[in-house]
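To keep things clear, I will list the structure first and then write my remarks on it.
What follows is calculated from the coordinates using simple rules that are stated; it is not laboratory data. These numbers come from a predicted model, not from an experiment. All Cβ positions, glycine included, derive from the backbone under ideal geometry; neighbour counts span all protein chains shown.
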Amino acid sequence: MTDFWITSIVEKHKKSEMLIDEGSAMQITERLHAFIWNQMASNNCNTYLIDGSEKILIDPGHVMHFAHVRNGLAELGLGLNDIGLVVLTHAHPDHLEAVRLFRGGLAKLAMHELAWQLIESFGPMIDPNMDISSYRPEIFLGEGEMTAGDTSLEVIHTPGHSPGSISLYWLQQKALFTGDLIFKDGLGRTDIPGGDGAQLKQSIRRVAEMDIEILLPGHGDLIVGKDAVQKNFRQVEDFWFAISS
Ligand SMILES: [Zn+2]
């Protein structure tokens with residue numbers, strides 16, 4: 001990772017704080033863009049774009065906040081129909097809802113099979129009018145490598161926050177997309193249906209072993225630099241694991 005990219009992250013981050021209402025893309029590396037949600041007043045997830053021969057959007061977020069992503073994509077000269085694949089780290093509404101804006105378009109949808117099962121079982125309870133079929137994936141992701149265009153990602157099943165939670169490791173960039181497994185200074189909730197504290201710890205310990213330069217969580221700040229990423233894993237282990245055991 002060169003200083004150039006780190007500098008550009010800082011500059012872009014300042015910009016994103018100012019322009020968050022209109023949406024803003026933060027460039028992390030040449031092929032990686034983040035749409036960081038940093039408004040405290042309402043909950044939404046971070047969205048990430050992998051820019052390759054097939055463009056991958058990870059966790060589109062809430063419909064009501066989607067302008068944040070739509071405008072960020074527009075800054076990059078992209079529209080919804082330029083996205084080839086939408087990947088969900090897990091099937092909670094703040095990550096998944098805007099998936100339906102892509103239906104009828106070109107993008108395929110990918111998630112873990114257990115994430116789809118969660119939508120099938122809980123979707124109608126959350127919203128009786130919810131059209132389940134608009135969230136049905138074309139691709140089920142299990143452990144192992146997935147390829148989209150010239151991008152290869154390793155899918156790691158990391159249950160705990162939800163049964164179908166996955167993390168995605170991009171070896172080429174040493175980047176890990178964690179969804180709600182681990183955050184900067186925190187870890188995913190386990191008090192929602194399907195949550196499991198022991199599984200969450202096990203999943204965090206598994207990814208902590210990996211060679212990660214950029215940690216890209218589903219909420220809050222991203223972490224850049226191997227030492228900072230490792231320090232965050234240690235702090236989560238020392239603080240959160242200690243109080244929850
Ligand atoms: Zn969640």
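So the values come out like this:
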{"quantity": "Computed label-point distance, nm, for sites D211 and R100 using a 7 Å Cα→Cβ extension", "calculated": "4.4"}
{"quantity": "Extension gain (nm, one decimal) between A67 and S42, 0.36 nm per residue minus Cα-Cα", "calculated": "7.6 nm"}
{"quantity": "Taking region 92-170 and dividing mean pair separation by its residue count, relative contact order in percent (alpha carbons under 8 Å, at least six apart)", "calculated": "28"}
{"quantity": "Within the chain, percent of DSSP bridges classed antiparallel, to nearest 5", "calculated": "65"}
{"quantity": "Rel. contact order, % - alpha carbon contacts under 8 angstrom, at least six apart, region 21-119", "calculated": "25"}
{"quantity": "Added length on full extension, which subtracts the Cα-Cα distance from 0.36 nm per residue, Q230 to I243", "calculated": "2.7 nm"}
{"quantity": "Shape parameters for region 171-245, alpha-carbon atoms, Rg then Dmax in Å", "calculated": "11.8, 36"}
{"quantity": "Shape call, region 74-147: gyration tensor on alpha carbons, a/c limit 1.5", "calculated": "oblate"}
{"quantity": "Environment charge of N232, counting only residues whose C-beta is closer than 13 Å and scoring Lys/Arg +1, Asp/Glu -1", "calculated": "-2"}
{"quantity": "Given charges at beta-carbon only (K, R positive; D, E negative), |dipole| of the chain in Debye", "calculated": "100"}
{"quantity": "26 Å Cα-Cα threshold exceeded, pairs from K55/K231; K201/K231; K108/K201; K201/K226", "calculated": "K55/K231; K108/K201"}
{"quantity": "Alpha-carbon gyration tensor eigenvalues x 5, square-rooted, for the chain, Å", "calculated": "24, 23, 17"}
{"quantity": "Lys, Arg +1 and Asp, Glu -1 on Cβ, resulting dipole of region 112-245 about Cα centre, debye, nearest 20", "calculated": "380"}
{"quantity": "Sequence-separation-based contact order of the chain, relative, with Cα cut under 8 Å and 6+ spacing, percent", "calculated": "13"}
{"quantity": "Residues E138 and R189, FRET efficiency given R0 of 25 Å [Cβ-Cβ distance, rounded to 0.05]", "calculated": "0.30"}
{"quantity": "Cβ crowding within 10 Å averaged over residues, with 229-238, 65-74, 128-137 ranked highest first", "calculated": "65-74, 229-238, 128-137"}
{"quantity": "Sum of -39500 (n - 2.57) over DSSP H runs of 4+, divided by residues of the chain (222 nm, nearest 500)", "calculated": "-8000 deg cm²/dmol"}
{"quantity": "Packing-based ranking, highest mean first, of 180-187, 80-87 given that Cβ atoms within 10 Å are counted", "calculated": "180-187, 80-87"}
{"quantity": "Residue-span extension gain [S53 to L171] - 0.36 nm each, minus C-alpha spacing", "calculated": "40.8 nm"}
{"quantity": "Ranked packing of 213-219, 144-150, most packed first, by mean Cβ within 10 Å", "calculated": "213-219, 144-150"}
{"quantity": "Proxy reagent accessibility, fewest Cβ within 10 Å first, across M210, M125", "calculated": "M125, M210"}
{"quantity": "Model label zone, T147; criterion: amide N under 15 Å from point 7 Å along Cα-to-beta-carbon; scope region 46-61", "calculated": "53-54"}
